[in-house]
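We did not get these values from a lab; they are worked out from the coordinates using the rules stated. None of the values given here were measured: they were computed from a predicted structure. Methodologically, a virtual Cβ is constructed for each residue, glycine included, from the backbone with ideal geometry; neighbour enumeration extends over all protein chains shown.
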Amino acid sequence: MFELDGKVALVTGGGGLIGEAVAEGLADQGATVVLTDLPDSDGSRVAQRLGDDAWFRQADVTDETAVADLFERVLDEEERLDVLANCAYPRNENYGRQYEAVDYDDWCENLLAHLGSYYLTSKAAGAVMRDQPEGGSIVNLGSIYGRQAPDFSLYEGLEMTSPVEYAAIKGGVLNLTRYLASYLGPDGVRANVVSPGGVFDGHDETFVERYEQRTVLGRMATPEDVAGAVCYLASDAASYVTGHDLVVDGGWTIQ
Ligand SMILES: NC(=O)c1ccc[n+]([C@@H]2O[C@H](COP(=O)([O-])OP(=O)(O)OC[C@H]3O[C@@H](n4cnc5c(N)ncnc54)[C@H](O)[C@@H]3O)[C@@H](O)[C@H]2O)c1
């Protein structure tokens, strides 16, 4: 049920922390994986590492024309698309500022880039999948912070924060995906969210300590923790699962 032999998967942000693990997981399950990312990303390197059944196509997923070109290329090469995993994390250079320092222009730009790109790629994927007898599976990366408010005590005295845009983006991704599930479901297209907690990526030690204490399983997530959930939702093991938010947070949100 978990096998993806003969299936074609597109992973946006395939050169990123989570995208790489997702691409690898899907390839391990037997899918042909198309990784897409920006030209200066690790996408091409990851595709090479994954071998013959993976290839890279650069695209800015915030650009409607680039997304259309990307899908045209995927269909030219593979003639189908079974899985879309949206793992890109578009943001501008001012993203990540403290709440008071966020300009309205940056708010708009970051919301449009991240939420907008998930809309663009989901729309393009849905159009392909609904015309296939087997349908397809769209998996969008959400976050625990799309479900609940940040715990700001984690960031006290540190430079880092949870950006205000993120709350709106990830809340938006969650409900956009429910919309897609409802609209595309009758045509056999499933749409789900995976909502990870914090994935360790060389964070500040104090932050990690606080995070681990706040989490039932006592650790931050790994990219593979997240990839497992995406691979499940991509496969026939999840054939009756749509509009779901699969939380992968080591128990953060239950307490
Ligand atoms: N890392 C975490 O702790 C965490 C936790 C919860 C949710 N998430 C979500 O998971 C997803 C992936 O996060 P990540 O940590 O792997 O991010 P990342 O920054 O490591 O990787 C994101 C990738 O997206 C690519 N990208 C950025 N803008 C792009 C664009 N315009 N077009 C194409 N590609 C673009 C980047 O080049 C990069 O390779 C995001 O949606 C993020 O919000 C991450």
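Stretched out fully, how many nm does the piece from residue 216 to residue 159 gain, at 0.36 nm a residue minus the Cα gap? Don't skip to the end; give the middle numbers.
Details: separation 57, 0.36 × 57 = 20.52 nm, distance 2.54 nm.
Additional length available on full extension: 18.0 nm.
What is the magnitude of the charge dipole of the range 56-160 about its Cα centre, with +1 placed on the Cβ of each Lys and Arg, -1 on the Cβ of each Asp and Glu, and no other charges, expressed in debye to the nearest 20? Before the final figure, lay out the partial values.
Working: 8 positive and 21 negative charges, 77 e Å.
Dipole size: approximately 380 debye.
Largest first, the extents of the alpha carbon coordinates of the chain on the three principal axes equal 52, 38, 37 Å. Of the GluC sites (Glu not before Pro) found in the range 67-169, those that fall in a DSSP loop while having at most 16 other beta-carbon atoms within 10 Å are 79, 93, 134, 156, 159.
Restricting the range 131-230 to trypsin sites (Lys or Arg not before Pro) that sit in a DSSP loop and have at most 15 other Cβ atoms within 10 Å of their own Cβ leaves 219. As a calculated quantity, the FRET efficiency between residue 78 and residue 253 at R0 = 41 Å, using C-beta atoms, amounts to about 0.65. Taking every C-alpha pair closer than 8 Å and separated by at least 6 residues, the mean separation divided by the residue count of the range 131-255 gives a relative contact order of 33 percent. The distance between label points at residue 58 and residue 40 comes to 1.1 nm (points 7 Å beyond Cα on the Cα→Cβ vector). Long hydrophobic helices in the chain: the complete DSSP H runs spanning 15 Å or more by Cα along their own axis with mean Kyte-Doolittle hydropathy of at least 0.5 are 17-28, 164-184, 223-234.
Quick check for me: using +1 on Lys/Arg Cβ and -1 on Asp/Glu Cβ, what's the dipole size of the chain about its Cα centre, in debye to the nearest 20? Please list the in-between numbers first.
Working: 17 positive and 43 negative charges, 163 e Å.
Computed about the Cα centre, the dipole is about 780 debye.
Stokes-Einstein diffusion for the range 5-82 at 10 °C, viscosity 1.306 mPa s, with a Kirkwood radius from C-alpha pairs, works out to 132 µm²/s.
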